[in-house]
Amino acid sequence: MSAPNIETIVSLAKRRGFVYPASEIYGGLGSAWDYGPLGVELANNIKNKWWNWLVHERDDIEGIDSAIIQNRLLWKYSGHETTFSDPLVDCRACKGRYRFDKLQDVKCPLDPSVCAGSGKDCDLTPPRDFNLMFRTTIGAVSTDEDESALAYLRPETAQGIFVNFANVLNTSRRKLPFGIAQIGKSFRNEVTPGNFIFRTREFEQMEMEYFCRAEDAPRLHQEWIDSFVGWFRSLGVSVKNLKLYEQQKNELAHYAARCVDILYRFFPERDDETKQWDELMGIANRTDFDLKTHSKKPEDAEGKRLNPDSTEDLSYFDEATKQRFYPYCIEPAAGVNRALLAILMDAYSEKTNDKGEMRVILKLSPQLAPIKVAVLPLAKNKPELVEMAKSIKRDLQPSMRTVYDDTGGIGKLYARQDEIGTPFCVTVDHESLVDGAVTLRDRDSWAQERINLSVLEDSLQKRLG
Ligand code: ATP
């Protein structure tokens, strides 16, 4: 099974320390969330898997980490200053402000049985564009009105990659096709944030720009779509909760030749099956738009430079054909937070024990689990058991995230580890003092086996994968 709804995950996340509401003691901030001890481990594991898979395990991708605040001109030429907006409507009746294309996701406050905009008293203004970029000012002397000091918090990490294309190309001596990957925070002043960490104003992205020849772009685009579906499946996400959505011509960004979204079933509780799905990540063929728009060279019909501010030509010289051109780019863009939510929802399961009590088991892939092993003494009032358990924990912790816990009876301790997705528990009992063996308990099957301490670490390493 998977989680019946996002609310189940919200409560588990708070109860167990994955995610807390931000500024909670001051009443929260609507759509901001803080990652707790387990959440930060899970997010790091997801990011590391992504980074290793793309940057370390392949031969054709480099990583970078660009600044969040860039020269404002970057956002002018990328098109974000003029086009990065969502359609906004106000309701004159309830005074609510909504994203026009997402009205179905919001309940009307005056008539909660229907979506916003469809209640009998709803009175919406015509939609108007609202730019999603957060504004700030740079420098100590600036005032909020000072246009020359205006800057933005980046709304995507991708642009930091495009403007570094020539730098990476020159320093790494790459040949097409090759990619540049980046993980980092992005900021969007979303009109209607919500659904927990699904849509927030501050979030983290994992983006990769794969540069190639125009003629190879359609094939590589399809390959990256297939690869990313495979990646989510390799992390344990069930195929029945994933599907692809081909963006229609009228939905495509102005620069994109094709864009396919990978959707996840974030809303399984909705009666209408088509409304159960929403975007987990997008994979776009962005053509040569970005490298061209940031280049100093291209000119219009009258010979006027399209970008008079750039000092660099971001074209590529092909040694074999002696031709210079602007590469196409395939962009797989994923959100860390949406990936984490999908992974938590998918891992959620319930099981009844032999006393008829319901237990939550988070069947996280062992590679993603925040804690790999919990070492538990069968009795905490027996110093020899406690000492042996603590010493096993110390031995294991350099190679795998291990915790020690003696704050309850063994049944309760197992249940706690099941609920946070710890794949293995190691229990030290009185026999252990005599035979040097411990009990290894498996999270998913609850099966227990006796294992000698001399082979414990090796055996755990193999099982964790
Ligand atoms: P949406 O249509 O849901 O607003 P988008 O198509 O604008 O998303 P992209 O610009 O393609 O999103 O960003 C790539 C990825 O970044 C998304 O697939 C999503 O995983 C993540 N993302 C985008 N906006 C948010 C947000 N406000 N909160 C959390 N994650 C986000």
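What to note about this one:
- Some residue of the range 383-394 being over 21 Å from S349 (Cβ atoms), touching a residue at least 24 places away in the same chain (Cβ under 8 Å), out of contact with any Phe, Trp or Tyr (no Cβ under 9 Å at 6 or more places or on another chain) and open to solvent by 10 Å² or more (accessible area, probe 1.4 Å): yes
- Taken as a whole, the condition of being free of Cβ contacts under 8 Å to residues at least 60 places away in the same chain and over 30 Å from W224 (Cα atoms) does not apply to R16.
- Qualifying strands (runs of 3 or more DSSP E) (wholly inside the range 265-337; at least 2 residues being at pLDDT 95 or above and open to solvent by less than 10 Å² (accessible area, probe 1.4 Å)): 278-285, 328-335
- Members of the range 1-28 found to be in a loop (DSSP other than H, G, I, E, B) and among the hydroxyl-bearing types (S, T, Y), listed by number: S2, S23
- Filter result (of a type in the set (D, E, K, R), away from the ligand (no atom under 14 Å from the Cβ) and either more than 18 Å from I197 (Cβ to Cβ) or out of contact with any Lys or Arg (no Cβ under 9 Å at 6 or more places or on another chain) (or both)) within the range 258-274: E269, R270, D271, D272, E273
- Qualifying residue in the range 163-174 (condition: within 14 Å of the ligand (Cβ to nearest atom) and either modelled with pLDDT of 95 or more or assigned to a loop (DSSP other than H, G, I, E, B) (or both)): no
- Hey, Q323 without any contact (Cβ under 8 Å) to a residue 24 or more places away in the chain and within 16 Å of the ligand (Cβ to nearest atom) or not: no
- Taking the range 175-193 as the range and being within 12 Å of the ligand (Cβ to nearest atom), assigned to a loop (DSSP other than H, G, I, E, B) and either open to solvent by less than 30 Å² (accessible area, probe 1.4 Å) or of a type in the set (V, I, T) (or both) as the test, the residues that pass are E190, V191, T192.
- Qualifying residue in the range 332-352 (condition: within 16 Å of the ligand (Cβ to nearest atom), farther than 22 Å from L38 by Cα, out of contact with any Lys or Arg (no Cβ under 7 Å at 6 or more places or on another chain) and in contact (Cβ under 8 Å) with a residue 12 or more places away in the chain): yes
- Every condition in (1) open to solvent by 10 Å² or more (accessible area, probe 1.4 Å); (2) in a loop (DSSP other than H, G, I, E, B); (3) at negative phi; (4) within 11 Å of the ligand (Cβ to nearest atom) holds for F196 except the one numbered (3).
- Lone unmet requirement of (1) under 27 Å from Y326 (Cβ atoms); (2) assigned to a strand (DSSP E or B); (3) of a type outside the set (A, V, I, L, M, F, W, C); (4) touching a helix residue (DSSP H, G or I) at 6+ places or on another chain (Cβ under 7 Å) for Q159: (2)
- Restricting the range 352-386 to residues that are modelled with pLDDT under 95 and of a type in the set (D, E, K, R) leaves a set whose member that is nearest to I410 (Cα to Cα) is K380.
- Which numbered condition N250 misses (of (1) surrounded by 15 or more Cβ atoms within 10 Å (Cβ to Cβ); (2) polar (S, T, N, Q); (3) within 15 Å of the ligand (Cβ to nearest atom)): (1)
- Residue in the range 211-223 that is in contact with a Phe, Trp or Tyr (Cβ under 6 Å, 6 or more places away or on another chain), more than 12 Å from the ligand (Cβ to nearest atom) and either farther than 16 Å from I61 by Cβ or in a helix (DSSP H, G or I) (or both) present: yes
- Failed item, numbered, when S31 is tested on (1) touching a residue at least 12 places away in the same chain (Cβ under 8 Å); (2) assigned to a helix (DSSP H, G or I); (3) of a type in the set (G, A, S): (2)
- Single condition Q222 does not satisfy, out of (1) out of contact with any helix residue (DSSP H, G or I) (no Cβ under 6 Å at 6 or more places or on another chain); (2) surrounded by 13 or more Cβ atoms within 10 Å (Cβ to Cβ); (3) under 29 Å from W50 (Cβ atoms); (4) touching a residue at least 12 places away in the same chain (Cβ under 8 Å): (4)
- Residue pairs whose Cβ atoms lie under 6 Å apart, separated by 6 or more positions or on different chains, with the first residue in the range 201-215 and under 17 Å from D290 (Cα atoms) and the second in a strand (DSSP E or B) and near the ligand (Cβ under 8 Å from one of its atoms), are E207/A333.
- In the range 414-465, the residues that are closer than 16 Å to T402 by Cα and of a type in the set (G, A, S): G421, S459, G465
- Residue check for E331: of a type outside the set (A, V, I, L, M, F, W, C), within 16 Å of D418 (Cα to Cα) and more than 14 Å from the chain's Cα centre (by Cα): no
- Scanning the range 373-382 for residues that are under 15 Å from A437 (Cβ atoms) and open to solvent by 50 Å² or more (accessible area, probe 1.4 Å) turns up just one, L378.
- The number of residues in the range 350-365 that are part of a loop (DSSP other than H, G, I, E, B), in contact with a helix residue (DSSP H, G or I) (Cβ under 8 Å, 6 or more places away or on another chain) and open to solvent by 40 Å² or more (accessible area, probe 1.4 Å) comes to 1.
The values are calculated or read from the model by the stated rules, or taken from the named source; none is laboratory data. Predicted, not measured: the structure shown is a model, and the values here were computed from it. Because the Cβ atoms are built from the backbone with ideal geometry, glycine has one as well, and the counts that use them run over all protein chains shown. We work out accessible area using only protein heavy atoms, side chains counted, and drop any ligands, DNA or RNA first. Shrake-Rupley method; radii C 1.70, N 1.55, O 1.52, S 1.80 Å.
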